[in-house]
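The values are calculated or read from the model by the stated rules, or taken from the named source; none is laboratory data. All values derive from a computational prediction rather than experimental measurement. All Cβ positions, even for glycine, are placed from backbone atoms using ideal geometry, and neighbour counts span all protein chains on display. Ligands, DNA and RNA are excluded from the accessible area calculation, which covers all protein heavy atoms including side chains. Shrake-Rupley method; radii C 1.70, N 1.55, O 1.52, S 1.80 Å.
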Amino acid sequence: MKICVVGLGNIGFNLFSFLSQKFPESVIGVDINESLIKELRSRGHRVTSNYRALSGIEVWLMAPSTGDQGQNLFAALDQMILYPGSLISIESTLPPGTMQRLRRYLEDKGFKVGKDIFLIHVPHRVMFGVDKTVCDTPRVMGAFTQACLEKGRKFYGSLVPQLVEVKDVRVAELSKVVENVKRYLDVAFAQEMYGYCVDHGLDFEELRRAVNSKNNVELLSTDWGIGGECLPKDMRFLRTVCPSALLDGAEQADQEYRDRIAYQVGKGKKILIKGLSYKSGVKDLKHSRGVDLVRALEAIGNTVWTEDPLFSPEELIREGFKVNNENDEGQKEERVVLERRKALEPGNE
């Protein structure tokens, strides 16, 4: 069985690594990012940027970042050499309605879905910092035909702890978006409660401890705002097809929370930001609200130093940040200190 993982970002590479261990010599990865391919090849991975070098692929696992209209998926499909009998599994999170567009695309190419080609949607699930692989948790699977479901079941059945099959592929499509938007709403609510606690002299962590003592309730912790790639993107996906005052309000509340953090210390200050990664415990600066905060503070005339336990000073400097240095005389003056779990409670040092 020849397997190809399309898109080797955080999700795709995690999937590629897992499958390469499961099916040695049977898995190849493809990505249009030439520098990424060069780096992965230097580490011994079987990858390419040339779709035309991929022939006889029996299972295509598609995990690129889709773009707001799914355009990256269609760009990849344009390059793929498809054979009758192939399984195409879409693991990327999709704007609702994309699977139907994919079906029309394939049938316009002469492939009858469920007979000539087998198309399924198995949206990825992973909590970076908790799960080791994208196959550690139950997965939802949807398709247009029973034959497609059966083909998908044969492939995924031994790979994941549980395969939750749904009759309507639109349910599979919507399920992942809803998961992430629900998380967005929960975080936005936590930010509102944190702001209320600060305004009224209450201990937010004590509130969390009290609330979370009930086993079916969780008041989340807060950060620099709702960041990462997935939650803001999936909020856009859902708002496009489901206009809602609730969703609009959550997005506005997050923006106001981030603005409050940035403007609470004023202008012309010296500031130390503790924690830059997009998520505590995950070494990644892409889509980080901490990075956004640094740039916003600098834009209004502040001098900002940074530190993060996951990054060395040299790594932060390469990314264009000033780093905390206790031996620097210029940093010994009093500074405002902002920490990611206490973003609305600036301290001094």
Mind checking whether some residue in region 27-37 is of a type in the set (D, E, K, R), crowded, with 21+ Cβ neighbours inside 10 Å and under 18 Å from SER17 (Cβ atoms)?
-> yes
Check region 55-62 and report whether any residue there is free of Cβ contacts under 8 Å to residues at least 24 places away in the same chain, out of contact with any Cys (no Cβ under 7 Å at 6 or more places or on another chain) and surrounded by fewer than 19 Cβ atoms within 10 Å (Cβ to Cβ).
-> no
Region 135-147 - residue that is more than 22 Å from ARG104 (Cα to Cα) and part of a loop (DSSP other than H, G, I, E, B) and, of those, least open to solvent (accessible area, probe 1.4 Å) | CYS135
Give GLY85, GLY56, GLY70 a once-over and let me know the one that is of a type outside the set (S, T, N, Q) and under 19 Å from HIS124 (Cβ atoms).
-> GLY70
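Here is a yes/no grid of residues against (1) closer than 22 Å to LEU344 by Cα; (2) surrounded by fewer than 18 Cβ atoms within 10 Å (Cβ to Cβ):
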residue	(1), (2)
LEU149	no, no
LYS154	no, yes
ALA188	yes, no
ARG208	yes, no
SER221	yes, yes
PHE237	no, no
THR240	no, yes
Top-ranked residue in region 296-328 [being in a loop (DSSP other than H, G, I, E, B) and among the acidic types (Asp, Glu); ranked as surrounded by the most Cβ atoms within 10 Å (Cβ to Cβ)] = ASP308
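Residues are listed down the side, and each one gets a yes or a no for (1) within 13 Å of VAL187 (Cβ to Cβ); (2) touching a residue at least 60 places away in the same chain (Cβ under 8 Å):
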site	(1), (2)
PHE237	no, yes
LEU247	no, yes
ALA250	yes, yes
ASP254	yes, yes
ARG260	no, yes
GLN264	no, yes
ILE271	no, yes
LEU276	no, no
